[in-house]
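Structure record follows, encoded as C-alpha cells.
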Amino acid sequence: MKLRAFLHRLSPTPAIDVVIDVAQLIRSNLNRRLVMIQAAVAIGGNLGDVPATIAAACEELARHESISDLHCSHLFRSTPMGSAAGDPFWNAACVFATSLDPYVLLAELQRVENSAGRTRAVRWGPRTLDLDLILYGDKIVESETLTVPHPHFWYRRFVLGPLAELIPNVVPPRFSLSILELAARLRQRPFRLQIGGECDIADVRGVVDRFVAEDRSKEIKVELPSRAEPARAASLALWFGDSRQQAPTDDESLLLRCAEYTPQVLTDVLAAAVGKIERT
Ligand code: A4P
Ligand code: MG
C-alpha cells in the first residue's frame, strides 16, 4: 500500500494502478512457482511392452513444465499381487520436484496412464501402466480421491524396493522408519506376522499355512498380538476389525487395519510383503 501511494505521488494517473496490479500478479505467480515439493511415484505394469511404456511415461513427466529434477529407479520384476493381477509385474519408481498441487499432479499422472492405454475394467487387474502418488513432500492428504502417503506402500516390496534406490533416508510423514528401514523389515526371516482383531485366528493361520506351503522359503512365523511382546518386533501386524483401542501396537506404520477379513485380503497382503522382487 505504501508503495502504491508512493508511485501515485510520482505519477498521479489511473494507469499506474493497472501497472501495479499486473506487477503484483506476476510476482505472486513467480512465488507460487518457486514452491517446489518433492514427489515420489510408484510405477507398475504387466501388459504390453512395459519397459518401453515406463520409459515413455518418465520422459513425458520429465518434459512437464512444472516438473524438474526427475530421477528414475532401475526396473524390477515382481510377483503379482491379487488373484486377478495376471502376469508378473514390472515395477519402478521416480522422484521429482514439482510445483503442481497434489490433486493436479494426480490428474497429470492419470493423463499419462490414459495415454499409455490404461483401462480400469477390473480392480487390481492387468494394466499397461499404473502411477501411484506415494509421497508429496511431508504433506498428508486424506480425501475421497486422494490419500497421501499412499495407504498401502509401506508393506509392498514392489514399491519400497525401487523407492529405496532413490530416497532411502526419507522418513514418510506419520512413520518412524525410513524407506530403507521399511524395505529391510520385509526382508527379515523368519518373517514375523502378528495377527489380531475380530477374526478367527485358527482360520487366519490356515490361510497363512496354505500360502507358506506354496513356497517354504518364505518362512513366515505367525504370532498372536500381546502387550508383553510389542509389535515393533514384528515384520508386519495385521488387525482385522476396526476396534482401534484394542490394537496390539502403538506403531501405526507396522499395523495394517484390514476392515474386513477375507482369505483373499490376507493372501494379497502377504504376497505384496514377502513376494519376490528382482532388479533387472
Ligand atoms: N487414489 C487415492 N489415493 C491415490 C494415490 N496416492 N495415488 C485413487 C493414486 N491414486 C490414488 O486408482 C483408483 C483410485 O485411487 C483413483 O481414482 C484415485 O482417485 P486406479 O489407479 O484407477 O486403480 P488401481 O490401480 O486398480 O487401484 P490402486 O489402488 O492404485 O491399485 P494398487 O494398490 O496400486 O494395486 N502386483 C505387483 N507385483 N506390482 C504392482 O504394481 N499393482 C497392483 C495395483 C496390483 N498388483 C500388483 C501391482
Ligand atoms: Mg493406481
Pull up region 126-147, narrow it to residues that are more than 25 Å from LEU177 (Cβ to Cβ) and within 7 Å of ligand 1 (Cβ to nearest atom), then point me to the one that is surrounded by the most Cβ atoms within 10 Å (Cβ to Cβ). ARG127
Looking only at residues that are touching a helix residue (DSSP H, G or I) at 6+ places or on another chain (Cβ under 7 Å) and among the β-branched types (Val, Ile, Thr) in region 97-115, which one is nearest to ligand 1 (Cβ to nearest atom)? VAL112
Among all residue pairs at least 6 apart or on different chains, which show Cβ distances below 8 Å where the first residue, located in region 139-157, is farther than 22 Å from ARG77 by Cα and touching a residue at least 60 places away in the same chain (Cβ under 8 Å) and the second is surrounded by 12 or more Cβ atoms within 10 Å (Cβ to Cβ) and among the hydrophobic types (A, V, I, L, M, F, W, C)? LYS139/ILE37; LYS139/VAL148
Identify, by number, the condition in (1) modelled with pLDDT of 95 or more; (2) within 19 Å of HIS74 (Cα to Cα) that THR128 doesn't meet. (1)
Go through GLY86, GLY44, GLY82 for me and flag whichever is touching a helix residue (DSSP H, G or I) at 6+ places or on another chain (Cβ under 6 Å), closer than 23 Å to ARG279 by Cα and either within 9 Å of ligand 1 (Cβ to nearest atom) or part of a helix (DSSP H, G or I) (or both). GLY82
Just to check your reading of the model, which residue among PRO151, PRO172, PRO168 is within 16 Å of ligand 1 (Cβ to nearest atom) and in contact with a helix residue (DSSP H, G or I) (Cβ under 9 Å, 6 or more places away or on another chain)? PRO172
Got at least one residue in region 84-107 being within 13 Å of ligand 2 (Cβ to nearest atom), under 14 Å from the mean Cα position of the chain (by Cα), within 27 Å of ILE37 (Cα to Cα) and not polar (S, T, N, Q)? yes
Do we find that PRO151 is part of a loop (DSSP other than H, G, I, E, B), more than 16 Å from ligand 2 (Cβ to nearest atom) and not polar (S, T, N, Q) in this structure? no
Return the pairs, sorted by first residue and then second, in which the second residue is of a type in the set (S, T, N, Q) and assigned to a helix (DSSP H, G or I), the first residue lies in region 252-280 and is modelled with pLDDT of 85 or more, the beta carbons are less than 8 Å apart, and the residues are 6+ apart or on different chains. none
Hey, any hits in region 133-143 for a residue that's in contact with a His (Cβ under 7 Å, 6 or more places away or on another chain) and either at pLDDT 95 or above or within 15 Å of ligand 2 (Cβ to nearest atom) (or both)? yes
Do we find that ALA164 is among the hydrophobic types (A, V, I, L, M, F, W, C) and surrounded by fewer than 16 Cβ atoms within 10 Å (Cβ to Cβ) in this structure? no
Do any residues in region 99-116 that are over 17 Å from GLU65 (Cα atoms) have Cβ atoms under 6 Å from those of residues that are more than 13 Å from ligand 2 (Cβ to nearest atom) and of a type in the set (Ser, Thr, Tyr), where the two are at least six apart or on different chains, and which pairs are they? ALA116/THR53
Please indicate, with yes or no, whether at least one residue in region 58-70 is outside any loop (DSSP other than H, G, I, E, B), surrounded by 13 or more Cβ atoms within 10 Å (Cβ to Cβ) and touching a residue at least 40 places away in the same chain (Cβ under 8 Å). yes
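The values are calculated or read from the model by the stated rules, or taken from the named source; none is laboratory data. Please read these numbers as outputs of a predicted model, since none were measured by experiment. Methodologically, a virtual Cβ is constructed for each residue, glycine included, from the backbone with ideal geometry; neighbour enumeration extends over all protein chains shown.
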